[in-house]
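Scroll down for the structure; my scribbles are underneath it.
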Amino acid sequence: MTLATARARSGKAVDHGAWFLVLPALLPILVLSVGPLLYGIALAFTDSQSGRTEPTEWIGLLNFQDLRHDTLFWDSFRIGLLWAVGVTVPQFLLALGLALLLSQNLRFRWLARSLAIVPWAMPEVVVGIMWRLVYHPDAGILNETLRDLGFGEGRDWLTGLGTALPAVIVVGVWAGMPQTTVALLAGLQNVPRELHEAAAMDGAGAWRRFTTVTWPALRPIALAITALNFIWNFNSFALVYVLTNGGPGGRTRLPMLFAYEEAFRYGQFGYAAAMGCVMVAVISVLLAVYLVARLRGADER
């Protein structure tokens, strides 16, 4: 047996062994993620409905044609974008400030860091119920505080047409800020302290040190966590469902909520699957933009 043949057989053995090791992790992904995704895409091209006695039929692009003229869906899409931007931007800015604060040598820093991640440890349903109590028009702590300070009788924040979406955005920022803080704080720990000391010796102030030392090292992490946060926020369901159930008047009806209602309230499974395909396409575009930005950043470095 030649040396080349031995190497080829050894390489095949390594490849088979690698696949054998990866298989336990790959199977759940195929069964729980890829399989349902492919089934949902196929369902979008059918007239599948609940309670039908006739067999489901293939209707091609008819669901997508109807979706193109569905103003309610595109309104929910616009609300979803407003929600995603309205949560992601302040979430990042506040988390950045908190991460910079927690990176300082403060007393009881360990306690502050522990308390900062408490919202992250709470399920979204629990967060929604808790904030419904905070926003309660009669017994909520927010209106009680406003009344004590002399700002009137307060209002019903979650049912007002002009206040429902901002109120829900505040909850989204509060609930999602800890994970962004943790990611940014981890990035700050990797910035060499010697660079800050050298910049300070050169006369650079706090802002100059941040822009020339901290931010360049933090930028890849900031880009990654912001892109992921935007995708997670755009796909939000449980938090808004518990807080407002899409109301009032559809002012907080996100695309995921709209698709849920079409599927499980009205039984239009094929049409809801078409909505899901549109959302998957949007998320794929966002991921592509993120990956291109990362690759360009890697080339520049």
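Matching residues to (1) closer than 30 Å to Pro166 by Cα; (2) touching a strand residue (DSSP E or B) at 6+ places or on another chain (Cβ under 6 Å); (3) modelled with pLDDT under 90; (4) among the β-branched types (Val, Ile, Thr):
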| residue | (1), (2), (3), (4) |
| --- | --- |
| His16 | no, no, yes, no |
| Val22 | no, no, yes, yes |
| Pro28 | no, no, yes, no |
| Val34 | no, no, yes, yes |
| Leu62 | no, no, no, no |
| Asp70 | yes, no, no, no |
| Asp75 | yes, no, no, no |
Exercise for the section: Kindly indicate the residue of the stretch 252-298 that is modelled with pLDDT of 85 or more and among the basic types (Lys, Arg) and also surrounded by the fewest Cβ atoms within 10 Å (Cβ to Cβ) among those meeting that condition. Expected result: Arg265
Practice task
Sort out for me the helices (runs of 4 or more DSSP H) sitting completely within the stretch 183-277 that have 2 or more residues that are out of contact with any helix residue (DSSP H, G or I) (no Cβ under 7 Å at 6 or more places or on another chain) and farther than 23 Å from Val170 by Cβ.
Solution key: 193-201, 206-209, 215-234, 255-264
Problem - Leading residue by the ranking (nearest to Phe230 (Cα to Cα)) among those in the stretch 57-81 that are in contact (Cβ under 8 Å) with a residue 12 or more places away in the chain and not in a helix (DSSP H, G or I) - result: Leu61
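Residues are listed down the side, and each one gets a yes or a no for (1) of a type in the set (A, V, I, L, M, F, W, C); (2) open to solvent by less than 80 Å² (accessible area, probe 1.4 Å); (3) closer than 30 Å to Gln189 by Cβ:
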{"position": "Tyr39", "(1), (2), (3)": "no, no, no"}
{"position": "Glu57", "(1), (2), (3)": "no, no, no"}
{"position": "Trp83", "(1), (2), (3)": "yes, yes, no"}
{"position": "Leu94", "(1), (2), (3)": "yes, no, yes"}
Problem - Given (1) assigned to a loop (DSSP other than H, G, I, E, B); (2) within 28 Å of the chain's Cα centre (by Cα), index of the condition Arg52 fails - result: (2)
Exercise for the section: Of all residues in the stretch 278-301, count the ones that are assigned to a helix (DSSP H, G or I) and more than 21 Å from Ser236 (Cα to Cα). Expected result: 10
Handout entry: Per-region count, the stretch 247-287, residues free of Cβ contacts under 8 Å to residues at least 24 places away in the same chain and not hydrophobic (A, V, I, L, M, F, W, C)
Key = 6
Fill in the blank from the handout: Across the stretch 117-175, the tally of residues that are outside any loop (DSSP other than H, G, I, E, B), of a type outside the set (A, V, I, L, M, F, W, C) and closer than 22 Å to Asn245 by Cβ stands at 7
Practice task
May I ask you to verify whether Ala44 is aliphatic (A, V, I, L, M), under 25 Å from the mean Cα position of the chain (by Cα) and at pLDDT 90 or above?
Solution key: yes
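The values are calculated or read from the model by the stated rules, or taken from the named source; none is laboratory data. As the structure is a prediction and not an experimental result, all values here were calculated from the model. So basically every Cβ, Gly included, is an ideal-geometry build from the backbone, and we count neighbours across all protein chains shown. Quick note on the areas: whole protein, heavy atoms, side chains included, nothing else; ligands and nucleic acids left out. Shrake-Rupley method; radii C 1.70, N 1.55, O 1.52, S 1.80 Å.
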